[in-house]
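The block underneath contains the structure these notes are about, expressed in structure tokens.
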Amino acid sequence: MKIPDNITISADLAADLEAFFFQKSFSKIAVIVDANTKKHCLPMVEKALPKHVLIEIESGEEHKNLHSCEKIWQVLTSHSFDRRALVVNLGGGVIGDMGGFCAATFKRGIEFINIPTTLLAQVDASIGGKLGIDFQGFKNHIGLFQNPLHVFIWKHFFETLPKAELRSGYAEVIKHCLISDVVMYGEIVQMPLEKQDFSTLTRHSIAIKNKVVLDDPEELGVRKILNFGHTVGHAVESFFLKQPQQKLLHGEAIAVGMICEAFLSTEKLGLDAEKRDKITDHLLQIYPCRSINKSDIAKVALLAGQDKKNELGTIYCSLLRDIGDCTYNINTVVGEIEASIEYYNKVLVK
Ligand SMILES: NC(=O)c1ccc[n+]([C@@H]2O[C@H](COP(=O)([O-])OP(=O)(O)OC[C@H]3O[C@@H](n4cnc5c(N)ncnc54)[C@H](O)[C@@H]3O)[C@@H](O)[C@H]2O)c1
Ligand SMILES: [Zn+2]
């Protein structure tokens with residue numbers, strides 16, 4: 001599978017960045033970081049970056065908002081950035097989505113490149129052109145589609161990434177295998193996360209996401225298969241978001257969602273029950289167990305019904321016909337979502 005020309009999976013990031021900046025010319029350059037990527041990632045690339053203005057944003061999803069954008073636009077304006085300037089996003093999905101959004105809207109759009117520093121950002125957020133910020137409690141509520149000029153992928157950023165963040169991104173890697181590559185799925189289940197070959201995995205995931213996105217850039221059809229695990233997963237994520245002590249990372253919630261949706265795949269599309277059990281066992285080995293109280297199941301199921309991807313009260317799921325074969329727009333009702341969460345609770349206590 002093909003990696004697009006604007007993505008470099010780098011063995012020597014400094015050399016690749018130097019070559020990129022040697023070939024291109026920009027009037028000014030801004031580098032956007034958060035506190036963690038400033039500390040851990042900037043020192044690894046700083047020498048390879050031309051003279052630039054550094055913009056630091058506080059880290060975390062709660063800062064992916066208009067206030068941070070204003071700060072970014074303010075700095076670009078005060079340094080007289082023009083339309084031949086460049087923004088460099090050095091960070092996870094928060095910096096990539098928000099820095100890209102700011103660049104794509106500043107003076108009707110200036111170029112930006114992504115140097116994603118989390119596994120989630122490398123295999124998911126920096127591919128596909130979705131940019132945006134959260135607004136008044138709604139995730140990714142304001143945004144647009146725009147591709148970066150270039151994306152540089154480098155596995156050495158994972159050396160400082162907290163284990164839980166690596167594991168969170170890994171859920172999207174597992175998802176990419178489940179929706180479209182049974183052979184690769186067979187390989188990754190045989191090895192613990194720490195022993196995986198991340199160069200191979202990121203290349204594989206990027207190629208899958210890129211192919212799906214090219215076939216359907218605006219998510220009118222086949223791109224929906226990327227939502228496998230996300231109908232129930234997003235509901236679980238939103239539910240625990242309201243309980244700060246119990247917050248789940250995105251990938252941890254998607255792991256729960258994939259277990260529930262593997263169950264739905266068997267119920268509704270006839271996914272072999274043994275394969276459902278294999279998917280369940282594999283995910284339970286990796287991700288922390290978090291049961292959902294019986295009294296909360298209906299609330300979580302209701303949240304799944306409120307997902308912005310649904311229409312007219314029908315819950316649309318992307319489900320597996322088989323491992324490596326996903327289909328979309330499967331009509332599902334709230335009661336079935338509840339049954340899938342009950343299944344998840346049941347397998348947890350086994
Ligand atoms: N645009 C898309 O298609 C798309 C797809 C999936 C997710 N997203 C978005 O991505 C965001 C989540 O991305 P994320 O998981 O990368 O979160 P993140 O950007 O918040 O990064 C997670 C944490 O890791 C820290 N960090 C980043 N790189 C590090 C490194 N190398 N060493 C040490 N610490 C490091 C960050 O400071 C942060 O605290 C969400 O806002 C989500 O909406 C977008
Ligand atoms: Zn996801």
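Please state the charge dipole magnitude for the chain, taken about the Cα centre, from unit charges on C-beta atoms (+1 on K and R, -1 on D and E), reported in debye and rounded to the nearest 20.
Around 580 debye, computed over the chain.
If amide hydrogens are placed 1.01 Å from N in the peptide plane, which non-local residues have theirs closer than 5 Å to the one on ILE55?
Those lying under 5 Å, H to H, from ILE55 are VAL31, ILE32, VAL33.
Loop only per DSSP, at most 15 neighbouring Cβ atoms within 10 Å: give me the trypsin sites (Lys or Arg not before Pro) in the stretch 39-125, ordered by residue number.
Sites meeting the loop and neighbour criteria: LYS51, ARG83, ARG84.
If you bin every alpha carbon distance in the stretch 156-204 into 5 Å steps from zero, what whole percent lands in each bin?
5, 19, 34, 27, 11, 5, 0
What would the Debye equation give as log₁₀ I(q)/I(0) for the stretch 258-309 at q = 0.16 Å⁻¹, counting only Cα atoms as equal point scatterers?
Those come out to -0.61, one per q.
Count the DSSP beta bridges whose two residues both fall in the chain, then state the antiparallel fraction as a percent rounded to the nearest 5.
40
Under the rule a/c < 1.5 gives rounded, and otherwise a/b versus b/c splits prolate from oblate, where does the stretch 111-154 land using the Cα gyration tensor?
Oblate, because a/c is 1.5 or more while a/b does not exceed b/c.
In degrees, nearest 10, range 0 to 90: what is the angle between the Cα axis of helix 250-269 and the longest Cα principal axis of the chain?
40
Provide the per residue accessible area, probe 1.4 Å, for the stretch 24-138, rounded to a whole number of square angstrom.
With the other protein chains kept in place, the stretch 24-138 gives 43 Å² per residue.
Given PHE240, MET258, GLN285, which one lies farthest toward the positive end of the charge dipole of the stretch 223-350, if we put +1 on the Cβ of every Lys and Arg and -1 on the Cβ of every Asp and Glu?
Checked the options; the winner is PHE240.
From the square roots a ≥ b ≥ c of the eigenvalues of the alpha-carbon gyration tensor of the stretch 137-267, which class results: rounded (a/c under 1.5), prolate (a/b over b/c), or oblate?
The shape class here is rounded.
By the gyration tensor of its Cα atoms, with a ≥ b ≥ c the square roots of the eigenvalues, what is the shape of the stretch 20-108: rounded for a/c under 1.5, prolate for a/b over b/c, or oblate?
Since a/c reaches 1.5 but b/c is at least a/b, the shape of the stretch 20-108 is classed as oblate.
Rounded to the nearest angstrom and ordered from largest down, what semi-axes does the equivalent ellipsoid of the stretch 47-184 get from its C-alpha gyration tensor (root of 5λ)?
Listed largest to smallest, the semi-axes of the stretch 47-184 are 26, 17, 15 Å.
Have a look at ILE57, MET1, VAL87 and report the one farthest towards the positive end of the charge dipole of the stretch 1-142, computed about the Cα centre with Cβ charges (Lys/Arg +1, Asp/Glu -1).
Looking along the dipole axis, the top candidate is VAL87.
Using alpha carbon coordinates only, what is the Rg to Rh ratio of the chain, with Rh defined as the Kirkwood radius?
Using only Cα positions, Rg/Rh for the chain is 0.97.
Pop out the carbon and sulfur fraction of the accessible area of the stretch 12-170 as a percent, whole number, probe 1.4 Å.
Taking all protein chains in place, the stretch 12-170 shows 52 percent carbon and sulfur surface.
If you place +1 on the Cβ of every Lys and Arg, -1 on the Cβ of every Asp and Glu, and leave all else neutral, what size is the dipole of the stretch 1-130 about its Cα centre, to the nearest 20 Debye?
In total the dipole reaches around 440 debye.
Just flag the chymotrypsin sites (Phe, Trp or Tyr not before Pro) in the stretch 180-268 sitting in loop per DSSP whose Cβ has no more than 16 other Cβ atoms within 10 Å.
For chymotrypsin sites (Phe, Trp or Tyr not before Pro) across the stretch 180-268 that sit outside H, G, I, E and B with at most 16 neighbouring Cβ atoms in 10 Å, the list is empty.
Please state the Cα pair-distance histogram of the stretch 197-323 with 10 angstrom bins from zero: what percent is in each bin?
12, 37, 39, 11, 0
To the nearest 20 debye, what charge dipole does the stretch 246-350 have about its Cα centre, counting +1 at the Cβ of each Lys and Arg and -1 at the Cβ of each Asp and Glu?
300
Would you kindly derive the ³J(HN,Hα) couplings of the stretch 338-347 from the backbone phi angles with the Karplus curve 6.51 cos²θ - 1.76 cosθ + 1.60 (θ = phi - 60°), listing them in order in whole Hz, with x for Gly and Pro?
3J(HN,Hα) across the stretch 338-347, in whole Hz: 4, 4, 5, 6, 4, 4, 4, 4, 5, 5.
Can you check what the net charge comes to around ASP281, using other residues whose Cβ is under 15 Å from the Cβ of ASP281 (Lys, Arg +1; Asp, Glu -1)?
+2
Can you sort CYS102, CYS289 by 1.4 Å-probe accessible area, starting with the largest?
Result of the area sort, largest leading: CYS289, CYS102.
The values are calculated or read from the model by the stated rules, or taken from the named source; none is laboratory data. Owing to the predicted nature of the structure, the values given are computational and were not obtained by experimental measurement. Every residue, glycine as well, gets a Cβ built from its backbone with ideal geometry; the counts of neighbours run over all protein chains shown. Areas reflect the complete protein model, heavy atoms only, side chains present, ligands, DNA and RNA absent. Shrake-Rupley method; radii C 1.70, N 1.55, O 1.52, S 1.80 Å.
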